[in-house]
1. Could you tell me how many of the residues in the range 1-55 are of a type in the set (Gly, Ala, Ser), surrounded by 14 or more Cβ atoms within 10 Å (Cβ to Cβ) and more than 27 Å from residue 69 (Cβ to Cβ)?
2. Of the numbered conditions (1) in contact (Cβ under 8 Å) with a residue 24 or more places away in the chain; (2) closer than 30 Å to residue 73 by Cα, residue 6 fails exactly one; give the number of that condition.
3. When you scan the range 1-20, how many residues do you find that are over 26 Å from residue 40 (Cβ atoms) and not acidic (Asp, Glu)?
4. For residues that are of a type outside the set (Val, Ile, Thr) and over 19 Å from residue 3 (Cβ atoms), tally how many sit in the range 22-61.
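Derivation of every value follows stated rules applied to the coordinates shown; laboratory data play no part. This is a predicted model, so every value here is computed, not measured. Counting neighbours? That spans all protein chains shown, and the Cβs are built from the backbone with ideal geometry, glycine included.
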Amino acid sequence: TGELGELANLIKKVERGDMTLDEALGDIAKELADVQTYLDILAFRAGVDLGRATVDKFNEVSVRVGSTIRLANDDWHYSVNGK
């Protein structure tokens, strides 16, 4: 959660005008990568296939909000309008 806090702090600085998004983008990218890395390690330790869980959840939310975009479970391609 510390990495999420660091990311939130950067976003806060951009939102209040302390720095521009362009100025913060490199650090934001690093914090997002940190969050993803720690999340992936946690998922691995818990025996969760994070890639599969993400695709499944993306599709679930997509259906719920009425979007036609889906991620394929087998080859990681996305589709629009079921194509």
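1. Kept after step one, since they are of a type in the set (Gly, Ala, Ser), are these residues of the range 1-55: 2, 5, 8, 17, 24, 26, 29, 33, 43, 46-47, 51, 53.
Still in the list and also surrounded by 14 or more Cβ atoms within 10 Å (Cβ to Cβ): 24, 43.
Remaining after also requiring more than 27 Å from residue 69 (Cβ to Cβ): 24.
Residues meeting the conditions: 1.
2. Tallying (1) in contact (Cβ under 8 Å) with a residue 24 or more places away in the chain; (2) closer than 30 Å to residue 73 by Cα, residue 6 fails exactly one: (2).
3. Step one: of the range 1-20, the residues over 26 Å from residue 40 (Cβ atoms) are 13, 15-20.
If we keep only those that are not acidic (Asp, Glu) too, we end up with 13, 16-17, 19-20.
Within the range 1-20, residues that are over 26 Å from residue 40 (Cβ atoms) and not acidic (Asp, Glu) number 5.
4. Going residue by residue through the range 22-61, those that are of a type outside the set (Val, Ile, Thr) are 22-27, 29-34, 36, 38-40, 42-47, 49-53, 56-60.
Add one more test, that the residue is over 19 Å from residue 3 (Cβ atoms), and what stays is 22-23, 47, 49, 51-53, 56-60.
Selection size over the range 22-61: 12.
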